[in-house]
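Shown next, in structure tokens, is the structure this report addresses.
Here, each number is a calculation from the coordinates, and none is a lab measurement. All values reported here derive from a predicted model rather than from experimental measurement. All Cβ positions, even for glycine, are placed from backbone atoms using ideal geometry, and neighbour counts span all protein chains on display.
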Number of protein chains: 2
Amino acid sequence: MNNFKIKKSEILFKGKVFDIKLDEIEYDSSGNNGRREVVLHPGGAVVLPVTDAGKIIFVRQFRYPFQEWVLELPAGKLDPGEDPQTCATRELTEETGYTAGKITKLGHIYTTPGFCNEILHIYLAENLTPGKHAREEGEEGMQIIELTIDEVKNKINSGELVDAKSISGVMMYLNKS
Amino acid sequence: MNNFKIKKSEILFKGKVFDIKLDEIEYDSSGNNGRREVVLHPGGAVVLPVTDAGKIIFVRQFRYPFQEWVLELPAGKLDPGEDPQTCATRELTEETGYTAGKITKLGHIYTTPGFCNEILHIYLAENLTPGKHAREEGEEGMQIIELTIDEVKNKINSGELVDAKSISGVMMYLNKS
């Protein structure tokens, strides 16, 4: 499948969310060298929670890279060794307060396969019971927003919903309904 | 909207595809400090090319972070100062050989708003004329694959199409059709 050897591989940066790896490669056929920079990410889980009334629960949170509040499905990074479904269940409750009576996998996505190995596992959460969410409002705070399917489609059309994992999750949900 | 000050901001790594920025911030209310690591990406354009027969044109390419061939819509990084539509037009021809008689914007996405500022602009390309694509087969080579809408939906269901920008593009296209 590939026609190169990895001559050298080093970790340039170890962060809280991701690490950076720099590889030096050599092509078998030509002997030419190249460099490949990769963001190493532990992966995460995304939840598409649907209420009994058929509304989808989103959160709006401050996202530092954009200095902007972004509308997204609840999601979070995997803890080391954590099962994605456990992560999904945990993030749903932490971010929205809801617990799910039924959780089913919708699929998984590669968010940016060109430069990062992040995989997000997407789950449908149903039979929801409300509760108290663990995160407070503030810089890291979240607003909880419930939308009908038509409202979601309109927000994709209007550019109010631009988060790729959320749009992918909605596509998978509609595709299976 | 935010209640912190950026005390220090430095570029830790300058790469071919992305840079890494590390910010030290201080919260106004508490005086507590925090660090924010961000992948800086120039952004890019994605093309959803539809043939007169209604098929969508995908490419399959080797993606280094996964060491795997990944099925995706044609896409590429913006050159400095490049208009996204110019980038989309260029990438369509480079990767598939096709030129588009009509190109319209479907929307834009944030691929990974938690840690990266990448924005991808997604375009619908129609009235296609075939030609010779500029990229050869090989490690960086591409296979061109035309799929009906039903085949695309099946590949999302089966986990053969997992690229988030492509699934988002398909959702936007179906949403507007």
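Taking the number of other C-beta atoms within 10 Å as the exposure measure, put B:Glu160, A:Glu151 in order starting with the fewest.
Working: B:Glu160 11, A:Glu151 16.
Ranked by crowding around the Cβ, least crowded first: B:Glu160, A:Glu151.
Using the Karplus equation 6.51 cos²θ - 1.76 cosθ + 1.60 (θ = phi - 60°), what ³J(HN,Hα) coupling, rounded to whole Hz, does each residue of the stretch A:37-46 give in order, writing x for Gly and Pro?
With coefficients 6.51, -1.76 and 1.60, one gets 9, 9, 7, 9, 10, x, x, x, 10, 10 Hz.
Express the relative contact order of chain B as a whole percentage, based on alpha carbon pairs under 8 Å and six or more residues apart in sequence. Present the calculation step by step, with values, prior to reporting the outcome.
On the way: 366 pairs, mean separation 39.2, N = 177.
Value for chain B: 22 percent.
Got a sec? How would B:Lys8, B:Lys77, B:Lys176 order by Cβ neighbour count within 10 Å, fewest to most?
Values: B:Lys8 10, B:Lys77 19, B:Lys176 13.
Fewest to most other Cβ atoms nearby, the residues stand as B:Lys8, B:Lys176, B:Lys77.
For a quick check: with amide H placed at 1.01 Å from N, whose amide H comes under 5 Å from B:Cys116's, ignoring anything fewer than 5 positions away on the same chain?
B:Val39
Taking a threshold of 32 Å on the Cα-Cα distance, which of the pairs A:Lys55/B:Lys165; A:Lys77/B:Lys155; B:Lys14/B:Lys102; B:Lys102/B:Lys165; B:Lys21/B:Lys153 fall above it? Mind dumping the intermediate values first?
Values: A:Lys55/B:Lys165 24 Å; A:Lys77/B:Lys155 26 Å; B:Lys14/B:Lys102 37 Å; B:Lys102/B:Lys165 21 Å; B:Lys21/B:Lys153 38 Å.
With Cα atoms farther than 32 Å apart: B:Lys14/B:Lys102; B:Lys21/B:Lys153.
Pick from A:Glu94, A:Glu82, A:Glu24: which residue has the top mean-square fluctuation in a GNM of chain A where Cα pairs under 10 Å get a spring?
A:Glu24
Restricting things to Cα coordinates, could you compute the convex hull volume per residue of the protein assembly as shown in Å³?
141
Report, by chain and number, residues whose modeled amide H sits under 5 Å from the one on A:Leu48, excluding near sequence neighbours (fewer than 5 apart, same chain).
Here A:Tyr123, A:Leu124, A:Ala125 satisfy the definition.
Out of residues 5 or more away from B:Val162 or on other chains, whose amide H comes under 5 Å of its own, with H placed 1.01 Å from N in the peptide plane?
B:Leu71
Please order B:Ile20, A:Ile122 by the number of other Cβ within 10 Å, starting at the fewest. Please list the in-between numbers first.
On the way: B:Ile20 21, A:Ile122 26.
Going from sparsest to densest Cβ surroundings: B:Ile20, A:Ile122.
Hey, what's the Kirkwood Rh for the stretch A:44-176 if you take every pair of different alpha carbons, in angstrom? Numbers along the way, then the final one.
Details: mean 1/r = 0.0671 Å⁻¹.
With all distinct Cα pairs of the stretch A:44-176 included, I get 14.9 Å.
In whole Hz, with x marking every Gly and Pro, tabulate ³J(HN,Hα) for the stretch A:104-118 from phi via Karplus 6.51 cos²θ - 1.76 cosθ + 1.60, θ = phi - 60°.
So the J values, rounded to whole Hz, are 10, 7, 8, x, 9, 9, 9, 6, 8, x, x, 9, 9, 9, 5.
Starting at the first residue of the stretch A:121-126, write each ³J(HN,Hα) from the Karplus equation 6.51 cos²θ - 1.76 cosθ + 1.60 with θ = phi - 60°, in whole Hz, x for Gly and Pro.
So the Karplus estimates, Gly and Pro as x, are 9, 10, 10, 9, 10, 10 Hz.
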